[in-house]
1. Please enumerate the residues belonging to segment 166-201 that are β-branched (Val, Ile, Thr) and over 16 Å from the mean Cα position of the chain (by Cα).
2. From the list Asp149, Asp170, Asp122, pick out the single residue that is in contact with a Pro (Cβ under 7 Å, 6 or more places away or on another chain), in contact (Cβ under 8 Å) with a residue 40 or more places away in the chain and of a type in the set (D, E, K, R).
3. I'd like to know if segment 219-229 contains one or more residues that are assigned to a loop (DSSP other than H, G, I, E, B), crowded, with 24+ Cβ neighbours inside 10 Å and either modelled with pLDDT of 80 or more or on the phi > 0 side of the Ramachandran plot (or both).
4. Evaluate the following for Ile204: is it at pLDDT 75 or above, of a type in the set (Val, Ile, Thr) and more than 13 Å from the chain's Cα centre (by Cα)?
5. Which ones in segment 107-119 are part of a helix (DSSP H, G or I) and either touching a residue at least 24 places away in the same chain (Cβ under 8 Å) or within 14 Å of Ala80 (Cβ to Cβ) (or both)?
6. Identify the residue in segment 310-331 that is part of a strand (DSSP E or B), among the aliphatic types (A, V, I, L, M) and modelled with pLDDT of 85 or more and, among all such residues, is surrounded by the most Cβ atoms within 10 Å (Cβ to Cβ).
7. Provide a single number: the residues in segment 57-100 that are aliphatic (A, V, I, L, M) and more than 12 Å from Leu127 (Cα to Cα).
8. Out of everything in segment 191-218 that is in a loop (DSSP other than H, G, I, E, B) and acidic (Asp, Glu), what residue ends up being least open to solvent (accessible area, probe 1.4 Å)?
Amino acid sequence: MNNDDLLNTLANALNIDFSTDQHSGSSSENHNPWTQEVVNNDLHSLSPHHQFDPNHPHGIVIGNPIEEMNHWHQQISNDACGIAAQQNAIEHLNHQSFSQEQLLHHAQEQHWYSPNIGTSADDFGKLITEQTHVSVEHHYGGTLSEIADKLNNHEEVFVGVNSTIEWLPDHNSLLGQTAPDLFDPRHYQGAEANHIVQLIGLEIDPLNPDNSYVIVNDSLSPDGKAMEIPVAQFEAAMNASDGYIATTEIHDSSQHQDHEMTFRGCDDYGFDGDRKNFYVDGHLRGHCEGRKLYTGNYYSAGNTYKGRVGTDMNIYDVNDVKVGYLDSCGHVHKNDGTIAVKGSNHSGFANAAYYLLDLVG
């Protein structure tokens, strides 16, 4: 189903008069010019996706979307998505503003951008490197697990996508709830990549994979800042580029532990309302009451509250300050993303208890 067919069907279903003057950019495998597909303004007004809300995240947040969303820019022409995406990163890395017009003109002079064509996959990142002296690596076959590791290491991440699939209304939107079958990404199998976006975060709900989201800065429209896209939908859009990702190389990944991430629940977290004691080498070291953690035996007096594991899977100390988080396989991560406790021998909740009660090592 192409865009015109989808909009005509939707118009009949919802009695809405959509114009259908859309067109899609074209690209060739491994040398895609990141052109921009024009999406109907009426469709945008119905909010196909929500914006990331720092006060109400969907579970564990990987990356730093709060900071990155402040550097979002809308593209100034249909073929400038590659320039706008690089502008975001340049400003974030250099801590100063840059004119998109100047960057576009300079990229054209350097043959890194062509009017009415865009920025090729091979040339993407050259503006970033020139302006910030930070190398940009790109390859195909990228995965969200790899992207999560890059975000944890504070790298800038960009992904090639098909913009039509990316902007299909999701199940949280008015259109997605009204006519969900019309917006199934499977209707677009074989679609080509024609767009590039900056991926600024992941929201992982270990207990409900369907409630996990990718957060992107998309230059397409005013609605594109910190836009939340369901994981399955984003993967479908990303598959159109054969998993093209471009990332900065600020940090040496060998200095960091791998961040294991999955969108399948694979750990018994052990959350319940019962009280439970925790033992190390046969010695009592603390207990929990629901999600709250204390020193001592649960039936003894004088126990000290040490913190809790929140419903957002973050670990909070006695002052309610976040000191780490649980991933979906029960591993405990410090705030910087490094793994503090592996989840293979205990439940995720027990690992959080050991970490919070200083029972490691």
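1. Thr178
2. Details: Asp149 fails: in contact with a Pro (Cβ under 7 Å, 6 or more places away or on another chain); Asp122 fails: in contact with a Pro (Cβ under 7 Å, 6 or more places away or on another chain).
Of the residues listed, the single one that is in contact with a Pro (Cβ under 7 Å, 6 or more places away or on another chain), in contact (Cβ under 8 Å) with a residue 40 or more places away in the chain and of a type in the set (D, E, K, R) is Asp170.
3. Going through segment 219-229, the residues assigned to a loop (DSSP other than H, G, I, E, B) turn out to be 219-221, 225-226.
Filter once more, keeping what is crowded, with 24+ Cβ neighbours inside 10 Å: 219.
Among the residues that remain, those that are also either modelled with pLDDT of 80 or more or on the phi > 0 side of the Ramachandran plot (or both) are: 219.
Within segment 219-229, one or more residues are assigned to a loop (DSSP other than H, G, I, E, B), crowded, with 24+ Cβ neighbours inside 10 Å and either modelled with pLDDT of 80 or more or on the phi > 0 side of the Ramachandran plot (or both).
4. Numbers: at pLDDT 75 or above: yes; of a type in the set (Val, Ile, Thr): yes; more than 13 Å from the chain's Cα centre (by Cα): no.
Taking the combined requirement at face value, the residue does not satisfy it.
5. If we filter segment 107-119 for residues that are part of a helix (DSSP H, G or I), which is where we start, we get 107-109.
The answer is Ala107, Gln108.
6. Applying the first criterion (part of a strand (DSSP E or B)) to segment 310-331 yields 314-317, 322-326.
Those left that are additionally among the aliphatic types (A, V, I, L, M): 315, 323, 326.
Those left that are additionally modelled with pLDDT of 85 or more: 315, 323.
Details: Ile315: 25, Val323: 18.
The residue in question is Ile315.
7. Number satisfying all stated conditions: 8.
8. So, considering only residues that are in a loop (DSSP other than H, G, I, E, B) and acidic (Asp, Glu), the one least open to solvent (accessible area, probe 1.4 Å) is Asp218.
The values are calculated or read from the model by the stated rules, or taken from the named source; none is laboratory data. The structure displayed is predicted, hence computed values, not measured ones. Ideal geometry is used to build each Cβ from the backbone, glycine not excepted, and the neighbour counts take in all protein chains shown. SASA here: full protein model, heavy atoms, side chains in, ligands and nucleic acids out. Shrake-Rupley method; radii C 1.70, N 1.55, O 1.52, S 1.80 Å.
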